[in-house]
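Here the structure is laid out as structure tokens; the discussion comes afterwards.
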Amino acid sequence: MEFKLELVLIPVADVDRAKAFYTEQAGFYLEVDTPVGENMRVVQVTPPGSACSVGFGTGITAAPPGSAQGLHLVVSDIVAARADMLRRGVKVSEVRHLESGTEPQRASYESFADFADPDGNVWVLEEVHRAEPAA
């Protein structure tokens, strides 16, 4: 039996501002933007290459905007991913490494950079190298 994570909800104050940030700056793909009745709107975006989407909107969660902290986005090249996000206008921290402060080999699970959406929900870029599946 597989249990696949499909959707993570994040709380935002301004749905249109969040949608613009995630699609225009962070480079996520827009999957859904639909009203559900008069008091609910569902927006779903997906990071490139991810099987899990991120949902936000109105009437979706009672959590306060900005309270999602430490959501990890795994990337194969943290330097390139950070540069891409900076180019798109996202404020991303410097890359930091566990232990030594510099990780010349950039081993998996050792290199990180942070960014936040306009509401203060914090994301972590994490470099992980995975073997490609055999063809």
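Counting other Cβ atoms within 10 Å, which chymotrypsin sites (Phe, Trp or Tyr not before Pro) in segment 1-73 have at most 16 and lie in a DSSP loop? In loop regions of segment 1-73 (DSSP not H, G, I, E or B), the sparsely surrounded chymotrypsin sites (Phe, Trp or Tyr not before Pro) are PHE3. 3J(HN,Hα) along segment 42-48, derived from phi through the Karplus expression 6.51 cos²θ - 1.76 cosθ + 1.60 where θ = phi - 60°, amounts to 10, 10, 10, 10, 10, x, x Hz, with x in place of Gly and Pro.
Taking amide H as placed 1.01 Å from N in the peptide plane, the amide H of ALA13 sits under 5 Å from none that are at least 5 places away or on another chain.
Counting only alpha carbon atoms, the long axis of helix 78-87 and the longest principal axis of the chain meet at about 50°. By accessible area, using a 1.4 Å probe on protein heavy atoms only, the chain has 53% of its surface on carbon and sulfur. Between THR34 and VAL128, full extension at 0.36 nm per residue minus the direct alpha carbon distance yields a gain of 30.4 nm. Highest GNM mean-square fluctuation among GLY89, GLY37, GLY66, for the chain modelled with Cα contacts below 10 Å: GLY37. Taking trypsin sites (Lys or Arg not before Pro) in DSSP loop conformation with at most 11 other Cβ atoms inside 10 Å as exposed sites, the chain has its longest uninterrupted site-free stretch at 5-90.
Ligands, DNA and RNA are left out, and with a 1.4 angstrom probe the accessible area of the chain is 60 Å² per residue. For log10 I(q)/I(0) by the Debye sum over Cα atoms at q = 0.14, 0.15, 0.19, 0.22 Å⁻¹, pick the label among (1) -0.77, -0.86, -1.19, -1.40; (2) -0.69, -0.77, -1.13, -1.37; (3) -0.68, -0.74, -1.01, -1.22 that corresponds to the value derived from the coordinates. Checking each listed value against the structure points to (2).
The values are calculated or read from the model by the stated rules, or taken from the named source; none is laboratory data. Note that this is a predicted model, so its numbers are computed, not measured. No Cβ is skipped: glycine too gets one built from the backbone with ideal geometry, and neighbour counts run over all protein chains shown. These accessible areas exclude ligands, DNA and RNA; they are computed on the full protein's heavy atoms, side chains included. Shrake-Rupley method; radii C 1.70, N 1.55, O 1.52, S 1.80 Å.
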